[in-house]
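Heads up, the thing below is written out as structure tokens.
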Amino acid sequence: MSGDDDPSGWQLTESDPSVFTQLLTTLGVPLVVDDLYSLDAAALAPMQPLRALIFLFKWLPGAGEPESTGGQYDADFPGFFAHQVVNNACATLAVLNALGNIPQLPMGKPLGELIGFAAGMDPQTRGMVVTSADWLREAHNALSPPSAISLDGLNLPKTTEDAYHFVVYVPVLGAVYELDGLKQSPIRHGEYEETGEGWTKKAREVIETRIATYPPGALEFSLLALHDDPLPILQKRLAQAHETNDVLTASELSQQLASESAKRERWAFENSLRTHNYVGMIHALTAALAKAGRLDAATEGAKAAMKQRIEAQKAKGSFSEDDYA
């Protein structure tokens, strides 16, 4: 579960494919993450083979019990499953619970040693081992915004924010499992057919049932796909097309490769923005405005713009005082 910053040192993680993909790169795993806006077969086809689905949802007490989605706890789960023992670690824990159940997956030495060392442990002990790994916590926090200003000691009123939680759906030994670090055991959702859509058909049914337990129109969800990195696959297919003088196929693959490369460049830029400390820039701009005699006018303009934004939200019925506390 993700809430306020935790004294354990694990920081909040943004549900963004670039953040998860960078984490996987740090872990030495040749997989990437992409946003999913549909679970239709056509939307999933470009991402095959699909290794896991990472589901983010608004956490509610008592929600997600097996009976609500037709699953059942499997205390004898034969794979890798770790409990979440500290706040804010659920994103990385969901990733590890997925990676630990993908057969013959290449991974960096630290991760391989960690998963190997935790083998045979009970989920609670395994969760403690995982979250006590300093190098893993540093990888998890690498793309968290820097905390440049401390509000400690100011006795500001505390506000309550919604908590969100990551879980993962994976195929294990012919069945679809839901691995939730806050649950006592993995949840088994039944076997799936190897033909056709495979395990994703069963996963889609489970996730849709899960979403249906929330009020109609609720949008507090996010779905990410964990799949093989398409770049080396596209590069290999393009080389083969050139060798066979298949000009049409080579042209199509070149376009796909260019699109994927552009996405990676965008991700790298976005991640650089996430980790940049903007305090110096803000100070310089404020000082420049003051020196030019325009700071008071800019301040009043900002207040007026904020007032208009609040009034517009009140008119739509979407205003919340917590957003401006």
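Taking the stated definitions as given, is Pro78 surrounded by fewer than 21 Cβ atoms within 10 Å (Cβ to Cβ), in contact (Cβ under 8 Å) with a residue 40 or more places away in the chain and within 21 Å of the chain's Cα centre (by Cα)?
Against the criterion (surrounded by fewer than 21 Cβ atoms within 10 Å (Cβ to Cβ), in contact (Cβ under 8 Å) with a residue 40 or more places away in the chain and within 21 Å of the chain's Cα centre (by Cα)), Pro78 does not qualify.
Please list, ordered by first then second residue, the pairs with beta carbon atoms under 7 Å, 6 or more apart or interchain, first in region 122-135 and open to solvent by 90 Å² or more (accessible area, probe 1.4 Å), second at pLDDT below 95 and of a type in the set (Val, Ile, Thr).
Met128/Val85
Name every residue in region 253-273 that is surrounded by 14 or more Cβ atoms within 10 Å (Cβ to Cβ), out of contact with any Ser or Thr (no Cβ under 9 Å at 6 or more places or on another chain) and over 12 Å from Leu231 (Cβ atoms), in order of residue number.
Hit for region 253-273 is Ser254, nothing else.
For region 42-49, check the following and say yes or no: at least one residue is closer than 19 Å to Val176 by Cβ, buried (at least 16 other Cβ atoms within 10 Å of the Cβ) and either touching a residue at least 12 places away in the same chain (Cβ under 8 Å) or not β-branched (Val, Ile, Thr) (or both).
Yes, region 42-49 contains at least one residue that is closer than 19 Å to Val176 by Cβ, buried (at least 16 other Cβ atoms within 10 Å of the Cβ) and either touching a residue at least 12 places away in the same chain (Cβ under 8 Å) or not β-branched (Val, Ile, Thr) (or both).
Restricting the first residue to region 274-301 and requiring it to be open to solvent by 70 Å² or more (accessible area, probe 1.4 Å), which pairs with a second residue that is modelled with pLDDT under 85 meet a Cβ separation below 6 Å and a spacing of at least six or different chains?
Once the first residue is open to solvent by 70 Å² or more (accessible area, probe 1.4 Å) and sits in region 274-301, its partners that are modelled with pLDDT under 85 give Asn277/Pro146; Asn277/Ala148.
Could you tell me whether Tyr37 is over 27 Å from Gly196 (Cβ atoms), surrounded by fewer than 21 Cβ atoms within 10 Å (Cβ to Cβ) and among the hydroxyl-bearing types (Ser, Thr, Tyr)?
No; evaluated as a whole, the condition is false for this residue.
Within region 226-252, which residues are open to solvent by less than 60 Å² (accessible area, probe 1.4 Å) and assigned to a helix (DSSP H, G or I)?
Pro230, Leu231, Leu234, Leu238, Ala239, Ala241, Thr249, Ala250, Ser251
What number of residues within region 194-207 satisfy the criterion of being open to solvent by 70 Å² or more (accessible area, probe 1.4 Å) and at pLDDT 90 or above?
2
Looking at Thr21, Thr69, Thr26, which one is open to solvent by 40 Å² or more (accessible area, probe 1.4 Å) and in contact with a helix residue (DSSP H, G or I) (Cβ under 7 Å, 6 or more places away or on another chain)?
One residue alone meets the criteria, Thr26.
Which number in (1) assigned to a strand (DSSP E or B); (2) open to solvent by less than 10 Å² (accessible area, probe 1.4 Å); (3) among the hydroxyl-bearing types (Ser, Thr, Tyr) marks the one condition that Ser222 misses?
(2)
Does Lys109 satisfy the condition of being open to solvent by 10 Å² or more (accessible area, probe 1.4 Å), modelled with pLDDT of 90 or more, charged (D, E, K, R) and within 25 Å of Leu50 (Cβ to Cβ)?
Criteria not met by Lys109.
Could you please tell me which pairs satisfy a Cβ distance under 7 Å, a separation of 6+ or placement on different chains, a first residue in region 193-214 that is outside any helix (DSSP H, G or I) and among the β-branched types (Val, Ile, Thr), and a second residue that is exposed (fewer than 14 other Cβ atoms within 10 Å of the Cβ) and modelled with pLDDT under 90?
Thr213/Ala63; Thr213/Ser68
If you take the residues of region 210-243 that are in contact with a strand residue (DSSP E or B) (Cβ under 8 Å, 6 or more places away or on another chain) and of a type in the set (Ser, Thr, Tyr), which of them is farthest from Pro171 (Cα to Cα)?
Looking at the filtered set, the residue picked out is Tyr214.
Filter region 50-66 down to the residues that are under 15 Å from Ser222 (Cα atoms) and open to solvent by 60 Å² or more (accessible area, probe 1.4 Å) and list them by number.
Trp59
Condition (residue is within 28 Å of Lys263 (Cα to Cα), at pLDDT 95 or above and outside any helix (DSSP H, G or I)) applied to region 36-51: is it met by at least one residue?
Looking through region 36-51, at least one residue is within 28 Å of Lys263 (Cα to Cα), at pLDDT 95 or above and outside any helix (DSSP H, G or I).
Of the residues Leu219, Leu273, Leu257, Leu231, which is aliphatic (A, V, I, L, M), closer than 30 Å to His140 by Cβ, modelled with pLDDT of 90 or more and under 27 Å from the mean Cα position of the chain (by Cα)?
Matching residue, one of Leu219, Leu273, Leu257, Leu231: Leu231.
The values are calculated or read from the model by the stated rules, or taken from the named source; none is laboratory data. What you are looking at is a predicted structure, and each value in this text was computed from that prediction instead of being measured. Ideal geometry is used to build each Cβ from the backbone, glycine not excepted, and the neighbour counts take in all protein chains shown. Heads up: the accessible areas ignore ligands, DNA and RNA and are worked out on the full protein's heavy atoms, side chains in. Shrake-Rupley method; radii C 1.70, N 1.55, O 1.52, S 1.80 Å.
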